[in-house]
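First up is the structure itself, then whatever we jot down about it.
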Amino acid sequence: MKITELKPALVWQAFDEITKVPRPTHHLDKMKAFLLDWAKRHNIEADSDAVGNVVMRVPATPGCENAPVVVLQAHQDMVAEKNPGVKHDFMTDPITTVIDGDWVRAEGTTLGADDGMGCAAAMACLIDPDLKHGPLEALFTVDEEQGLIGANGLQAGFIHGDVLLNLDSEEMGQLVIGCAGGKVTECRLPYRRVPMPTDLVCYKVSLGGLKGGHSGMEIGLGRANANQQLARTLWEADRVTPLELCEIDGGNLANAIPRDAHAVVAVSRDNTVAFENFIIAHNDMLHAEFALAENKDFSLVAEPVDPRADIIESGTAHRLIAALFACPNGVQGMSLAIDGLIETSCNLASVKMADDKILVTIHQRSAVDSRRDEIADRISALFGMIGADVSFDDAYVGWSPDPESKVLKIAEASYKDLFHAEPRVEALHAGLECGLFLEKMPGLDMVSFGPTLKSIHSPSEKVLIESVAQFYDLLHEIISRLAKS
């Protein structure tokens, strides 16, 4: 069975088309062209702006011309993550989708249902002959996953809506009315190489097979951060068998909990047995610590490799390992306003080596902007002490909840009537573009919802098939009720 045979057909057919378009963050020319071409094929008015956002507009169903203008909003880009060994080029290759029981997933890569499913639902609404609606605008923003560039660059007059339905949440039955803000901290540590002493033996130390996941939605699940746990391993190993660092690499994206990291280290030939035994024991310890939070088959291993010609200068290497080990990571504070909501968190996202600098990227989130900035400043202080140059990028504001929102009341009533149950009205620790929209259009009334997605921002990403139909039914009902208002 193909996903195009699933129901609702209009949504799954649009999603199938989207999976064939390469669209990693910051590389959206093909997605923009696809959206504009799709609109042309369906005789829908469409436009794009200077940053690459696309808007499509359809007039009201006859008799609903005086209804409020509703904006259906989703983002074009997807997180590009794949399992080690998977041959997939996100710049050119389509996503291979698989129906796996009750779920749809991809073959070894992220699925892109975040937010391809939101895009597909918006597109379906524009051509659905059974939907009675007021004036509709579908806004497809760019580069939400890194920098919220589309929302930041949105110009006045590009959209005209009174109500915005953000289609970028990941749990059916949840109506989102608030989210955290965030900031990315980048630390650049200069280093130099020196010749490796001849009496040392090299090992590649690899920590891999962790769950990873979304650094907002899943930061509170107690999962291991590959970068920090690798740094911990090297820090503690050095106390047993002094080591030198030849190279280090881990993680990829600021908003993804790192699943894999590795380092090449050099130890004295006399200490190889002690080092190998330490890694075995440390692997067992990590499995005991993360038994309830992680994949059972993740691994920490040390494999002998060919000697390197040089090492990172010892003082710099040891300061780097110490800073990575000490770096704030995970949940940093819980909300006192909303029970069970993470207020502030930090994700030690990536460690990359360039010719003369080591780049460490950390993503902070908080529902309180001053706490977000405090964590960033603490990281700046820490890495500044080891000689790194620190800068901040991609800061974005949070979205303050409005429990009295009119569209929220319509969404709640729609959900109750459709599913005979109470929806959960919540704020998220993840980032959404709504706060930026509200800054630009202070009177905008917003709510966010979506189908059930699991393990987004990782190759385990999947969407629950049943929830897609429920999501579209809810969207359909909300738009219909707004048409009568």
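The values are calculated or read from the model by the stated rules, or taken from the named source; none is laboratory data. Computed from a prediction, not measured in an experiment: that's the story for all the values here. We place every Cβ from the backbone using ideal geometry, glycine too, and count neighbours over all the protein chains shown. When the accessible area is computed, the model is the full protein with side chains, heavy atoms only, and any ligands, DNA or RNA have been set aside. Shrake-Rupley method; radii C 1.70, N 1.55, O 1.52, S 1.80 Å.
Residue-by-condition table, conditions (1) modelled with pLDDT of 95 or more; (2) closer than 20 Å to Val163 by Cα; (3) more than 20 Å from the chain's Cα centre (by Cα):
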position	(1), (2), (3)
Ala427	no, yes, no
Leu432	no, yes, no
Glu461	yes, no, no
Ala469	yes, no, yes
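Scan the strands (runs of 3 or more DSSP E) fully inside the range 354-445 and keep the ones with 1 or more residues being in contact (Cβ under 8 Å) with a residue 60 or more places away in the chain and more than 30 Å from Arg319 (Cα to Cα).
Output list reads 389-396, 424-428.
Check the range 25-38 and report whether any residue there is in contact (Cβ under 8 Å) with a residue 24 or more places away in the chain, part of a loop (DSSP other than H, G, I, E, B) and crowded, with 21+ Cβ neighbours inside 10 Å.
yes
Please work out which residue is nearest to Ser335 (Cα to Cα), limiting yourself to the range 436-461 and to residues that are among the small types (Gly, Ala, Ser) and surrounded by 23 or more Cβ atoms within 10 Å (Cβ to Cβ).
Taking the candidates together, the pick is Ser448.
Any residue that is crowded, with 24+ Cβ neighbours inside 10 Å and under 28 Å from Cys64 (Cβ atoms) - is there at least one of those in the range 393-412?
yes
Out of the range 319-339, which residues are open to solvent by 60 Å² or more (accessible area, probe 1.4 Å), at pLDDT 95 or above and not hydrophobic (A, V, I, L, M, F, W, C)?
Within the range 319-339, Arg319 is the sole residue that qualifies.
How about the range 249-268: which of its residues are at pLDDT below 95 and open to solvent by 10 Å² or more (accessible area, probe 1.4 Å)? Explain how you work it out, then say what you get.
Just the residues of the range 249-268 that are at pLDDT below 95, to begin with: 252-256.
If the condition is that a residue be at pLDDT below 95 and open to solvent by 10 Å² or more (accessible area, probe 1.4 Å), then Asn252, Leu253, Ala254 are the ones that fit.
I'd like the full set of residues that are small (Gly, Ala, Ser) and open to solvent by less than 60 Å² (accessible area, probe 1.4 Å), limited to the range 76-100.
Scanning the range 76-100 gives a single hit, Ala80.
Open to solvent by less than 10 Å² (accessible area, probe 1.4 Å), touching a Ser or Thr at 6+ places or on another chain (Cβ under 9 Å) and within 16 Å of Val176 (Cβ to Cβ): is that true of Ser366 in this structure? Before you say what the answer is, go through the steps one by one.
Details: open to solvent by less than 10 Å² (accessible area, probe 1.4 Å): yes; touching a Ser or Thr at 6+ places or on another chain (Cβ under 9 Å): yes; within 16 Å of Val176 (Cβ to Cβ): no.
Judged against the criteria, Ser366 is not a match.
Of the residues that make up the range 184-194, is at least one farther than 30 Å from Lys406 by Cα, among the acidic types (Asp, Glu), open to solvent by 30 Å² or more (accessible area, probe 1.4 Å) and assigned to a helix (DSSP H, G or I)? Steps first, please.
Here is the first cut: in the range 184-194, the ones farther than 30 Å from Lys406 by Cα are 184-194.
Keeping just the survivors that are among the acidic types (Asp, Glu) gives 186.
From what is left, the residues that are open to solvent by 30 Å² or more (accessible area, probe 1.4 Å) are 186.
After this cut, where a residue has to be assigned to a helix (DSSP H, G or I) as well, the list is none.
Checked against the condition, which is being farther than 30 Å from Lys406 by Cα, among the acidic types (Asp, Glu), open to solvent by 30 Å² or more (accessible area, probe 1.4 Å) and assigned to a helix (DSSP H, G or I), the range 184-194 yields no hits at all.
Give the residues of the range 158-188 that are in contact with a helix residue (DSSP H, G or I) (Cβ under 6 Å, 6 or more places away or on another chain) and small (Gly, Ala, Ser), sorted by residue number.
Gly181
Looking at (1) open to solvent by 20 Å² or more (accessible area, probe 1.4 Å); (2) at pLDDT below 95, which is the only condition Glu144 fails?
Looking at each condition in turn, Glu144 falls short on (1).
Can you name every residue in the range 169-178 that is under 25 Å from Asp393 (Cα atoms) and either open to solvent by 10 Å² or more (accessible area, probe 1.4 Å) or out of contact with any Cys (no Cβ under 9 Å at 6 or more places or on another chain) (or both)?
First pass over the range 169-178, keeping only residues under 25 Å from Asp393 (Cα atoms): 169, 178.
The answer is Ser169, and nothing else.
How many of the residues in the range 208-222 are in contact with a Lys or Arg (Cβ under 9 Å, 6 or more places away or on another chain), under 16 Å from Asn295 (Cα atoms) and either surrounded by 21 or more Cβ atoms within 10 Å (Cβ to Cβ) or not charged (D, E, K, R) (or both)?
Matching residues across the range 208-222 total 8.
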